[in-house]
Amino acid sequence: MTLTRLFIEFFDSEKSGGIILVIATLLSLLSANYLIGQGYVDFWHSYIGGLSIEHWINDGLMTIFFLMIGLELEREIYHGELSDLKSAALPVFAALGGMLVPAGIFLSLNYGTPTQSGSGIPMATDIAFAIGILSLLGNRVPASLKIFLMALAIIDDLGAILVIAIFYSSSISLLYLGLAILVMGILFIMNRLKVYKLLPYLIGGAIMWYFMLNSGVHATITGVLLAFVIPFGDGGEDSISSKLQHFLHKPVAFIILPIFALANTGILLSSDGIRGIFDVSGLGIILGLLFGKPIGIFLFSFAASAIGICTLPDDLKWKQIIGVGFLGGIGFTMSIFIALLAYDDIAIINSSKLSILAGSVLAGIAGYAILHFTLAKNESHTNND
């Protein structure tokens with residue numbers, strides 16, 4: 001299976017970005033608990049221009065992250081794994097199962113409690129970390145497995161975006177939402193008129209972001225909407241969509257996501273916070289990520305294949321889909337992001353972050369171990385067992 005240059009670049013940047021994310025997370029935890037202390041947490045909560053630094057990062061910088069995800073999703077729909085319905089069906093059903101089963105596990109433990117709004121937390125997959133773990137297995141990883149994981153994570157992110165837009169937006173201002181839609185409509189018309197200059201779209205995107213920020217719909221949604229009004233053209237390297245996606249890879253992987261990790265993982269460890277991992281909310285997150293993700297991904301993709309909606313690529317085994325399912329349980333960035341939207345109580349937020357870290361680490365270790373052994377055997381076996 002041939003991998004395009006843009007896909008390889010995306011994969012490599014996310015792989016390296018995963019390592020940087022680990023370093024940023026460890027540095028944040030050390031700074032909050034040993035090197036600096038409370039002052040480290042207070043810094044991110046200090047205000048600039050009416051918003052906290054953390055807020056600017058989570059609503060501003062992360063919009064750029066969502067813009068890149070939107071551009072990648074657009075490319076996959078037009079020319080990639082999602083361009084063919086038969087090929088797209090496997091990761092689509094896998095992602096659907098990987099969202100519904102973890103949310104169901106969390107909700108079964110938290111329904112009727114003050115923490116039930118966190119059902120979206122274990123639904124997410126962190127692309128950077130998941131690909132970073134997969135890359136540790138080197139050239140034994142088949143191209144089709146890389147593409148499956150990438151498509152799964154992208155569809156998963158789209159699901160998370162929809163969840164944020166529907167369930168984690170505050171009271172809606174119809175005026176500002178209408179203005180945001182109006183700006184998007186103007187950009188869409190520019191697209192149809194074949195305006196191929198990037199700057200007008202970026203200026204329009206910034207205006208749309210401001211209106212969306214004040215509308216009650218989460219501002220990061222602007223990134224995805226903007227991605228789909230920027231002209232895709234033929235998808236070649238000279239299209240402005242391709243150029244922008246190419247430009248964003250390294251800033252997102254090496255600047256934006258590490259800053260997000262520094263700002264959001266500065267958790268002051270305490271006995272109460274650690275005990276919170278064993279509350280129904282913490283257990284719901286850990287069980288959802290560690291077991292809900294692989295169970296949902298495997299069962300839904302296996303069922304879709306069994307009834308003929310899609311087929312498993314010839315060079316893959318179902319054991320490897322289970323391994324990738326565990327990697328899908330690495331929630332981290334998106335899970336933390338949703339936790340910040342789901343809760344107002346700082347104690348619940350911190351225990352949720354610890355649960356996300358615990359569940360993600362355990363899922364990553366399990367996924368690596370399964371793939372390590374199944375891919376080693378794959379060198380001499382070709383049947384899909």
Restricting to the stretch 269-294, give me the number of residues that are modelled with pLDDT under 80 and out of contact with any Ser or Thr (no Cβ under 7 Å at 6 or more places or on another chain).
6
Return the residue satisfying two criteria in turn: it lies in the stretch 177-190 and is at pLDDT 90 or above and under 27 Å from the mean Cα position of the chain (by Cα), and of such residues it is surrounded by the fewest Cβ atoms within 10 Å (Cβ to Cβ).
G185
Evaluation of F278 against (1) more than 23 Å from D59 (Cβ to Cβ); (2) assigned to a helix (DSSP H, G or I) (one fails), failing number:
(2)
Among the residues listed as I297, I259, the single one being in a helix (DSSP H, G or I), surrounded by fewer than 19 Cβ atoms within 10 Å (Cβ to Cβ) and β-branched (V, I, T):
I259
Can you name every residue in the stretch 164-176 that is open to solvent by 20 Å² or more (accessible area, probe 1.4 Å) and of a type outside the set (F, W, Y)?
A165, I166, S169, S170, S171, I172, S173, L174, L175
Is there any pair linking a residue in the stretch 193-220 that is touching a residue at least 40 places away in the same chain (Cβ under 8 Å) to one that is in a helix (DSSP H, G or I) and open to solvent by 60 Å² or more (accessible area, probe 1.4 Å), with Cβ under 7 Å and at least six apart or on different chains, and which?
N214/Y176; S215/Y176
Can you name every residue in the stretch 333-342 that is open to solvent by less than 10 Å² (accessible area, probe 1.4 Å) and under 17 Å from A103 (Cβ atoms)?
M334, S335, I336, F337, I338, A339
Give the stretch 318-329 a look and list any residue that's open to solvent by less than 10 Å² (accessible area, probe 1.4 Å) and either at pLDDT below 90 or outside any loop (DSSP other than H, G, I, E, B) (or both), or say none.
Q320, I321, G323, V324, G325, L327
Return the pairs, sorted by first residue and then second, in which the second residue is surrounded by fewer than 19 Cβ atoms within 10 Å (Cβ to Cβ) and at pLDDT below 80, the first residue lies in the stretch 17-29 and is at positive phi, the beta carbons are less than 7 Å apart, and the residues are 6+ apart or on different chains.
none
Quick one: count up the residues across the stretch 343-359 that are open to solvent by 10 Å² or more (accessible area, probe 1.4 Å), assigned to a helix (DSSP H, G or I) and either without any contact (Cβ under 8 Å) to a residue 12 or more places away in the chain or within 13 Å of P294 (Cβ to Cβ) (or both).
2
Among helices (runs of 4 or more DSSP H) completely within the stretch 14-115, the ones holding 3 or more residues that are modelled with pLDDT under 90 are 62-79, 85-110
Report yes if L136 is surrounded by fewer than 19 Cβ atoms within 10 Å (Cβ to Cβ), over 30 Å from D345 (Cβ atoms) and not polar (S, T, N, Q), otherwise no.
yes
Can you pull out every residue in the stretch 231-256 that is assigned to a loop (DSSP other than H, G, I, E, B) and either modelled with pLDDT of 90 or more or within 16 Å of T63 (Cβ to Cβ) (or both)?
P231
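So that you can scan it fast, the table gives a plain yes or no per residue for (1) aromatic (F, W, Y); (2) touching a strand residue (DSSP E or B) at 6+ places or on another chain (Cβ under 6 Å); (3) open to solvent by less than 10 Å² (accessible area, probe 1.4 Å); (4) under 23 Å from L21 (Cα atoms):
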site	(1), (2), (3), (4)
I207	no, no, no, no
N214	no, no, no, no
H218	no, no, no, no
T222	no, no, yes, no
E237	no, no, no, no
F254	yes, no, no, yes
T265	no, no, yes, yes
D272	no, no, no, no
G276	no, no, yes, no
I need the full set of residues from the stretch 127-150 which are modelled with pLDDT under 80 and farther than 20 Å from D314 by Cβ, in order please.
I127, A128, F129, I131, G132, S135, L136, G138
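The values are calculated or read from the model by the stated rules, or taken from the named source; none is laboratory data. What you see is a predicted model; the values in this text were computed from it and never measured. Every residue, glycine among them, receives a Cβ derived from its backbone with ideal geometry; neighbour counts consider all protein chains shown. In case anyone asks, the SASA skips ligands and DNA or RNA and just uses the protein heavy atoms, side chains included. Shrake-Rupley method; radii C 1.70, N 1.55, O 1.52, S 1.80 Å.
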